[in-house]
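Below is one structure, written out as structure tokens; comments come after it.
Quick note: the coordinates plus some simple rules give every number you see, no bench work behind them. The structure displayed is predicted, hence computed values, not measured ones. When we count neighbours, we look across all protein chains shown, and the Cβ atoms used for this are built from the backbone with ideal geometry, even at glycine.
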Amino acid sequence: MKQNRLSILFPLFMQSITNSYTQIFFAKNRVMGILIILVTMFDLHAGISGLVAVLTANIAAYLIGFNRQQITNGLYGFNALLVGLGLGVYFQPNLSFFIILIFIALLTLLLTVTLEGVLYKYGLPYLSLPFLIAIWVITLSSRQITHLELSERGIYTLNEMYALGGLPMLRLYEWFNALDWALPVKIYFRSLGAIFFQYHLFAGLLIAIGLIIWSRQAFLFSIIGFAGAYIFYEIVGANIDELNYSYIGFNFILTAIAIGGFFVVPSLLSLLWTLITIPILAFLITSGTAILHTFQLSVFSLPFNLVVILLLYTFKLRERYTDRPSLVVYQQFNPEKNLYAKLINQSRLAQFGKIPVKLPFQGFWKVTQGIEGAHTHQKGWRYAWDFELVDDDGKTYKDAGLALDDYYCYNKPVLAPGDGYIYDIEDTIPDNEVGGFNLKNNWGNSIVMSHATGLFSQLSHLKEKSILVQKGQYVRKGEQIASCGNSGRSPYPHLHFQFQNSPEIGAHTLAYSFTSYLSKNGQINFHSLAQPLLNEMVSNNQINDLLDKALHFIPGQELKFTVTENNKISTITWLSETDIYNFTYFICPETGAKAYFVRTPDSFYFTQYEGDKSSLLYNFYLGAYQIIIGVYPGLVIEDHFPLSLFPNPIMRIIQDFTAPFYRFLEANYHIEYKKIKNSIDSEVIQVHSEVKFSIFGKTNARRNYAIEFRNNQLYRMTMLINDRKIDLERVL
């Protein structure tokens, strides 16, 4: 079947149109977009004008060569849409009108791109500022354009509804208007409709339905923002007609969504800031209306734009409490997903963007003094660790422990914790005898490494003349740089380690974390961006070549499997791809589902799933959610899935409403290394994972997976889903 030229040049053209409508609420949702398009068509001329403006802006943006993803997301079309709807409501259709509409849509696009360039330097959105400038420009200009005739539509609304849908539409419209709803409820729905220049209940109700379909949290915050405004007006005795006049109350709705859950991660604090903005918005609406009335202009969404941009800029300038509330870093265009991703990825993916540092030794060592230790790790030096080697009985030495060589850690290699330059060295202090102290040279033989601006590490109590590097030398993570000793204030051999933000030996410590490490206490656990605890046995992860190669996927790589279920055999293919932001993912060509992943030297992580959950790719995402690139029999990894993937849709919807304040659903991941063997032909590694979905702590659903690696490949995967058993075997 031949594709038309447009679908080849711009394959997501239709999506760019629907997203242009939903972007006014910061959303990307096709169903919501269709509902909003329907709402705009209640005033047919306004609806057509809005559509023409969107087409003009998106096509022009594409032909000029702007970012295709930005166009698809609707970011270059939604301001033009608002201008088109406004003009369509205010003026009569004629040839002059449509010529003016096309050029004002182009002006809006140019304003959008310009404001994007200016504000994005500060990490700020341009919101509907392009719409405001363009609508004010054309409103002022129209007074000198004689061929633009003011519209009388809206005066004869019943006639317009009859023309749109006949008698059924007219009766439906009258029925909604006759509903005996409380005044605040009516104003709320009409304010929702007013965002798209539709000032009646029916429009607002359909938009509310679209809002709920897209995001329950956004709908909740919209109600809270509007209700808070209504109560504030009543309490202070402000003119409640401001909310009723042109239903300018949509400023409170949009601000509540933006601050409550879109640009800020939804939480009790984001709710508090939503309530704080209400009086500020009210003042700006009143004063802005008074000022702009002089020029016979409407305030429109100006208060919303000012408050959101000013508040986001304020949040970005914080030096402390940067997570109270937290700004959204990777925007998923949905408050629920923003929240669930933050809850999960703040721990499991926290190492990304950090300078990678590892433990400075080989094998498992014991933390004999940790942060805020009982001996020397106090006050400005509290963020530090002392490490020692111990035997199976927990002893740090053999025999009587009277000689330095009796201590297991003495003279053992000390490794560079990260890439960097050797900044300072002390290597002339003799080792103490067991039980001795050198208080004159407190730190003993030491090395200070510079890893990045403001990040240094110090390794102390090293063996005399064991340092293998020189000042200014660049070393790689894991290289031996010295040996463990007993110099300085050290009665027994041990390795002192600390991070610091200045290069002097003995500088105050810095609360930095190791990128990853293993701990051993009965079972082996993996820690990511964490700080070892007192008495923990800790080690770096040793990379396994088989897993390293098997879980290394390159763009364009094809993974083909034979699928066996109930004696039926089929094949399935997944492709490894990279998007324009350089994010890697698997895509199932059959279903269009995508599973995003990242690789670190230590781990393979899935980060996000999009698309059909009946796809086997979804089960691959669940079963291989996190795999450590190391082989440790008994290693156990616990993790959590975003609640947006919870399989019970009704419970998930209920959870969405309460998630910023209380969460009762859980989606847990558990993986163990079960079987590791060497066959004649090759090494074989098996891991077993379990996924549990729980409601109020009670397991609601369970899935089990067995994954086998061999021949440097992900070779086989068995899935147990309820009563289904599915076997996937790699076609090599």
Exercise for the section: Compute the Cα gyration tensor for segment 215-342, then decide on rounded, prolate or oblate, letting a ≥ b ≥ c be the square roots of its eigenvalues: rounded whenever a/c is under 1.5, prolate when a/b is larger than b/c in the other cases, and oblate in all that remain. Expected result: prolate
Fill in the blank from the handout: Here the relative contact order (percent) of the chain, from C-alpha pairs under 8 Å and at least 6 apart, is 8
Fill in the blank from the handout: 1/(1 + (r/R0)^6) with r = Cβ-Cβ of Tyr662 and Lys398, R0 = 56 Å, i.e. FRET efficiency to nearest 0.05, evaluates to 0.55
Handout entry: Proximal aspartates and glutamates to Lys358, defined as alpha-carbon separation beneath 12 angstrom and excluding residues fewer than eight positions away on the same chain
Key = Asp419, Glu479, Asp602
Completion exercise
So for R0 = 45 Å, FRET eff. of Lys698-Arg171 from the Cβ-Cβ r, to 0.05, ends up at 0.40
Fill in the blank from the handout: Between the modelled labels at Glu638 and Gln542 (7 Å from Cα along Cα→Cβ) the distance in nm is 2.7
Fill in the blank from the handout: Burial-style ranking of 12-19, 482-489, 645-652, average other-beta-carbon count within 10 Å with highest first, yields 482-489, 12-19, 645-652
Handout entry: Spin-label pair Ile569/His688, simplified geometry with 7 Å Cα→Cβ offset, distance in nm
Key = 2.8
Problem - segment 492-612: relative contact order in percent, alpha carbon pairs under 8 Å with at least 6 residues between - result: 12
Problem - Amide hydrogen neighbours beyond the local backbone of His640, cut-off 5 Å, H modeled - result: Tyr669
Handout entry: Estimated distance in nm for a label pair at Val598 and Asn94, the labels positioned 7 Å out from Cα along Cα-to-Cβ
Key = 5.9
Practice task
Return the sequence-ordered ³J(HN,Hα) values of segment 276-290 in whole Hz as given by the Karplus equation 6.51 cos²θ - 1.76 cosθ + 1.60 applied to θ = phi - 60°, using x for Gly and Pro.
Solution key: 5, 6, 4, x, 4, 4, 4, 5, 5, 5, 5, 5, x, 4, 5
Exercise for the section: Using a 10 Å cut-off on Cβ atoms, rank the peptides 587-594, 686-693, 191-198, 393-400 from the highest mean neighbour count down. Expected result: 191-198, 686-693, 587-594, 393-400
Problem - Length added when fully stretched, Glu558-Leu534, from 0.36 nm per residue minus Cα-Cα - result: 4.0 nm
Practice task
Kindly express, to the nearest 10 degrees and within the range 0 to 90, the angle between helix 44-64's C-alpha long axis and the longest C-alpha principal axis of the chain.
Solution key: 40
Handout entry: Interchain or long-range residues, amide H under 5 Å from Gly478's placed H
Key = Ala416, Gly418
Fill in the blank from the handout: Bounding extents of segment 545-730 in its principal axis frame from Cα atoms, largest first in Å, are 54, 39, 38
Practice task
Would you mind classifying segment 365-515 by shape? Square roots of the alpha carbon gyration tensor eigenvalues, ordered a ≥ b ≥ c; an a/c under 1.5 is rounded, otherwise it is prolate if a/b is larger than b/c and oblate if not.
Solution key: prolate
Problem - Amide hydrogen neighbours beyond the local backbone of Asp602, cut-off 5 Å, H modeled - result: none
Fill in the blank from the handout: So, relative contact order of segment 215-342 in percent, Cα under 8 Å, 6 or more apart, is 32
Problem - Per-residue ³J(HN,Hα) for segment 706-718, Karplus 6.51 cos²θ - 1.76 cosθ + 1.60, θ = phi - 60°, Hz, x for Gly and Pro - result: 10, 10, 10, 10, 7, 6, 6, 9, 6, 8, 8, 9, 10
Fill in the blank from the handout: For volume of the Cα convex hull per residue in Å³ the list reads (1) 218; (2) 249; (3) 231; the calculated value is entry (1)
Completion exercise
For Lys121, counting only lysines whose alpha-carbon sits under 29 Å away and dropping same-chain residues fewer than eight positions off, the answer is Lys28, Lys316, Lys337, Lys342, Lys354
Problem - For segment 462-477, Karplus couplings with θ = phi - 60° (6.51, -1.76, 1.60), whole Hz, Gly/Pro x - result: 6, 5, 4, 6, 9, 6, 9, 10, 10, 4, x, 6, 8, 10, 9, 4
Exercise for the section: Starting from the Cα gyration tensor of segment 461-574, take the square roots of the eigenvalues, sort them a ≥ b ≥ c, and report rounded, prolate or oblate (rounded when a/c is under 1.5, otherwise prolate if a/b is larger than b/c, else oblate). Expected result: prolate
Handout entry: Sum of -39500 (n - 2.57) over DSSP H runs of 4+, divided by residues of the chain (222 nm, nearest 500)
Key = -11500 deg cm²/dmol
Practice task
Mind pulling the angle between the C-alpha long axis of helix 95-119 and the longest principal axis of the chain? Nearest 10 degrees, somewhere in 0 to 90.
Solution key: 20
Practice task
May I ask for the angle, rounded to the nearest 10°, between helix 183-194 and the longest principal axis of the chain, with both axes built from Cα atoms and the value confined to 0 to 90°?
Solution key: 90
